[in-house]
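The values are calculated or read from the model by the stated rules, or taken from the named source; none is laboratory data. Note that the structure is predicted; figures quoted are calculated from it, not measured. As a convention, Cβ positions derive from the backbone with ideal geometry for all residues, glycine included, and neighbour counts pool all protein chains shown.
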Amino acid sequence: MAFESCLTSPLQSILGFVFFAFTALFFIFSVFGFILRLKPWCSCEVCQSFLTSSWTLRFDNLCDWYSHLLANSPTGTIHVHVLNNVITSNTENVEHMLKTKFHNYPKGKPFSTILGDLLGRGIFNVDGDLWKFQRKMASLELGSFSVRSYAFQIVTTEIQSKLIPLLSDQANSNDLLDLQDVFRRFSFDTICRFSFGLDLGCLNLPLPISEFESAFDLASRLSAERAITASPIVWKIKRFFNLGKEKQLKQAIKSVNDLANEVIKYKRNHQDISSHDDLLSRFMANIDDDEFLRDIVVSFLIAGRDTVASSLTSFFWLLSKNPGVIQSIIKESDQIMGPASKKCPSFDQLRQMHYLQAAVHESLRLFPPVQFDSKFSDADDVLPDGTIVSGGTRVTYHPYAMGRSKSIWGHDFGEFKPGRWLEDGVFKQANPFKYPVFQAGPRVCLGKEIALVEMKTVALL
């Protein structure tokens, strides 16, 4: 015992010293990374406002500040030098990035690295051949009538069997209801059934939070937070030593992977894949790599969950502030579906509802679920407005700012006016580079029509 004690004491001292040294080095690296990233020697007004956070004295959030800067820029473009980030709301620049010079503006390695642990080789985290393969496969599936019908069936079932009963119960009680939380649960139930063929029951009373939903939320949030650390080296060191939020992220991703792998294994061993319509079953018919399958399906979960929930929340908030729009939607619905119809609309009926389509698009103009999106230039370039872009620069287009641009939408840009989308009562699409809510060009959102159908169907509750 005495001998073991003699050995333990020096070992503890060594471990203590190593831990202290690591902590000190970690702190130094963090500070150094922070300084390198911010480059505080830039003295331009935009950079100084960013560095000192003085913009918060006038604006509630970063998107509103950027919208102000872009609106007052002669070209609709600004450069935040301390972030090596060009930000634009110029429609010609957006078309240049997303279409004309598409291959010069990939997602980029910095983006892929941040989300790599969660999304792996999924479609939203890759470029090149991997992206082309998934894009082609997803385009064939999501564009088919059978898949769209399956998605519509899921949405209507969730609404009739879960969402309406839940809202009815709450309406008869004095309890407050967080509608945003309800929409998040609804959209997660819907996308899980569509992607996995799995019913998590997130909308079942008394609104429990499933382990998978909780893990998915945490993994998404912590992955996104990597982007705002002082330097990538900070979270990479934490990940290497399994510390802090990186430890939580690892555990959350494991929970997501465990369920995904369990579902994939079960489908491989117990089901006739060809007889099922969910995306996983369809993809399994062509892909043998189960890890790749997991990456693909988790990417679709990311795309279909928070975006739809956020869009529904904003839409219903705008409707609550504009009762005249509600009355116009009801009037159109009564004309097409019949007065006081309690049935969900059909595909054909939804297509006839031009005012509802306009109202949804107007809501997305003011509150796009993805406020901005960034690419990284592969090589030096010049944008149509004359902005010089060096290779490796982060270039961001800003749908939120574009939706609030007087030069794009006119003097009434701040008003919720579905009528701006109608010509003689018929809905008219906007130029996708003027309205890049669903991206545009080769990476345009494949789930756009499914998402719009989901929003419109919920709106007709």
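Structure notes:
- Every listed requirement among (1) crowded, with 17+ Cβ neighbours inside 10 Å; (2) farther than 30 Å from Thr393 by Cα is met by Asn125 save one, (2).
- Only one entry in Arg404, Arg394, Arg420 is surrounded by 20 or more Cβ atoms within 10 Å (Cβ to Cβ) and touching a residue at least 40 places away in the same chain (Cβ under 8 Å), namely Arg404.
- Annotation note: Cβ proximity below 8 Å between a residue of the stretch 141-168 that is on the phi < 0 side of the Ramachandran plot and a residue that is polar (S, T, N, Q) (sequence gap 6+ or interchain) occurs for Phe152/Thr457; Ile154/Thr190; Val155/Thr190; Val155/Thr457; Thr156/Thr457; Glu158/Thr190; Ile159/Thr457; Lys162/Asn204.
- Residue in the stretch 374-388 that is within 27 Å of the chain's Cα centre (by Cα), assigned to a strand (DSSP E or B) and among the aromatic types (Phe, Trp, Tyr) present: yes
- Residue list for the stretch 111-141, filter: within 19 Å of Lys250 (Cα to Cα) and either part of a helix (DSSP H, G or I) or more than 19 Å from the chain's Cα centre (by Cα) (or both): Phe111, Ser112, Thr113, Ile114, Leu115, Gly116, Asp117, Leu118, Leu119, Asn125
- Scan of the stretch 323-349 for residues that are crowded, with 18+ Cβ neighbours inside 10 Å, under 25 Å from Glu415 (Cβ atoms) and in contact (Cβ under 8 Å) with a residue 60 or more places away in the chain, ordered by number: Val325, Ile329, Ser333
- Looking only at residues of the stretch 177-196 that are touching a Lys or Arg at 6+ places or on another chain (Cβ under 8 Å) and not aromatic (Phe, Trp, Tyr), we find that the one that is farthest from Ser281 (Cα to Cα) is Arg184.
- Selection status of Arg184, surrounded by fewer than 19 Cβ atoms within 10 Å (Cβ to Cβ), under 21 Å from the mean Cα position of the chain (by Cα), charged (D, E, K, R) and not in a loop (DSSP other than H, G, I, E, B): no
- Options Ala430, Ala440: the member that is surrounded by 20 or more Cβ atoms within 10 Å (Cβ to Cβ) and under 24 Å from the mean Cα position of the chain (by Cα): Ala440
Residue-by-condition table, conditions (1) modelled with pLDDT under 95; (2) among the basic types (Lys, Arg):
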position: Gln251; (1), (2): no, no
position: Lys267; (1), (2): yes, yes
position: Ile273; (1), (2): yes, no
position: Val297; (1), (2): yes, no
position: Leu312; (1), (2): no, no
position: Gly324; (1), (2): no, no
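- Filter pass, Lys99 being touching a residue at least 24 places away in the same chain (Cβ under 8 Å), loosely packed, with under 14 Cβ neighbours inside 10 Å and of a type in the set (Lys, Arg): no
- Hits in the stretch 417-460 - residues which are basic (Lys, Arg) and either under 27 Å from Pro345 (Cα atoms) or in a helix (DSSP H, G or I) (or both): Lys417, Arg420, Lys428, Arg443, Lys448, Lys456
- Residue in the stretch 102-110 that is of a type in the set (Lys, Arg), assigned to a helix (DSSP H, G or I) and free of Cβ contacts under 8 Å to residues at least 40 places away in the same chain present: no
- Criterion applied to Asp385, Asp378 was being surrounded by fewer than 22 Cβ atoms within 10 Å (Cβ to Cβ), under 22 Å from Asn431 (Cβ atoms), in contact with a helix residue (DSSP H, G or I) (Cβ under 8 Å, 6 or more places away or on another chain) and not hydroxyl-bearing (Ser, Thr, Tyr), and the one residue passing it is Asp385.
- Hey, Val94 surrounded by 14 or more Cβ atoms within 10 Å (Cβ to Cβ), farther than 18 Å from Val389 by Cα, at pLDDT 95 or above and in contact with a helix residue (DSSP H, G or I) (Cβ under 9 Å, 6 or more places away or on another chain) or not: no
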